[in-house]
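Read through the structure below, which is laid out as structure tokens, and then see the notes.
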Amino acid sequence: MANHHTSRAGRVVVGCAAALLAITTAAACSGGHDKPRPKRAEVDSPAPAGSAETDADDATEDAEDDLPPPGVDYWAGKADLAVFLCQTSDPKTGGCADGPVTDTQREATLAALRALPQVQHVYFEDRQQAWKLFRAQSANTLLGDTITAAQLPESFRVKLKDRGTLPIVVSAMEGHPGVASTMTHAPTAPGAATPPRSGTALPLTQERARRAVPTADDVGPEWSADTLTDTGPKPASEPYSGSSGNAGCDRALAGAPTGRITITLGAQRMFQDRNGLRLTATVQVYEGDSAALQLAKTRALLAGCADLPLPMQGTTVRFHTLPAPTLGDETLGMRLVLDHNGPKTVDSIMVRMGPNIAAVTVSGDPILPSTTLEQLARRAAEHLHAAVSD
């Protein structure tokens, strides 16, 4: 099989694709943060929504440990729904058609919430309060140091009489003037952020990881293959960190599970067809539960930051969810559109079995049909299953 040399543009695309197999945000210094105590304004008190200073939960009033650990939602168990008010960065559509929320809209939203028979309490959280909670929740990420209070939205946190009525309240707030979006809080407060569990499959050895990488016979005669190479232990790459300028994206990134992600070993083979398409087949073995954490972080990125131009490796990238078959413990499909001397598309499907992830990633123009990429992912999954089952 012939070896192929990649152009600089190709190296950037392939390099970005490889980095995205290790989605994470680099940890910031764990020390140096004070422990501010945000006051959540309870607007079911006589004071106006913007000035009330009654704590949302008397049981935690003025407690130093009231702030959540990194990655944990303070409002889980205290409120059922967040109603985010419009700010400058929100698109001028729906409830934000007139721009940032006005005082009149804020008071009207409060009145509308209070009038709903399903609502038990409403708490107002201003930008400064939101920022203090955000800093606590993001203490282990660069986001904690880059987001300012001005970038975070005001919100109403709503406690319901019956959580089963959530759809009614959400529907009532959709498109309400001054309301940008809603978000559901977990029904119970977690004691700490718990990464997803990796499953029962054992980690592959280096030799088994090599055997799990698809071959030229798997991809077909129209592809020529490079040499199979080992990839050594390494921390996960950092494709994106900092503020996106979009509140929903930053909330999604900050709310993703936290924890260290480490790749202990891996192997990969690259292929190229006569049209210049490049295909990378990789198998990577992760430490502990970090393979599951890897995909959880990636899902948060895809869910909250879809189609936003995010900076990465000297260019910008837009992320999209890609349909993927159900394989292994979990499967995730992702499309990237990079702005590097014109738009370039990178499609990838990742299959996880325990702490092992097999991925097929293709870049070029025209991109592979989705059915072809899914077929390649199935072959990769078959190889991975055989390797972990031996």
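Quick check for you: with a 1.4 Å probe and neighbouring chains kept, what is the accessible area per residue of the range 309-390, in Å²? Walk me through the intermediate numbers first.
Values: 3420 Å² over 82 residues.
Each residue of the range 309-390 exposes 42 Å² on average to a 1.4 Å probe.
E107 to T371: extension gain in nm, 0.36 nm per residue of separation minus the Cα-Cα distance?
Details: separation 264, 0.36 × 264 = 95.04 nm, distance 5.14 nm.
Residue separation times 0.36 nm, minus the Cα-Cα distance, leaves 89.9 nm.
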Listed peptides 322-328, 213-219 by packing density, highest first (mean Cβ within 10 Å): 213-219, 322-328
Accessible area of the range 227-385 belonging to carbon and sulfur atoms, whole % at 1.4 Å probe: 49
Estimated distance in nm for a label pair at I168 and R114, the labels positioned 7 Å out from Cα along Cα-to-Cβ: 2.0
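The values are calculated or read from the model by the stated rules, or taken from the named source; none is laboratory data. Model, not experiment: these values are computed from the prediction. Counting neighbours? That spans all protein chains shown, and the Cβs are built from the backbone with ideal geometry, glycine included. Accessible surface areas use protein heavy atoms only, side chains included; no ligands, DNA or RNA. Shrake-Rupley method; radii C 1.70, N 1.55, O 1.52, S 1.80 Å.
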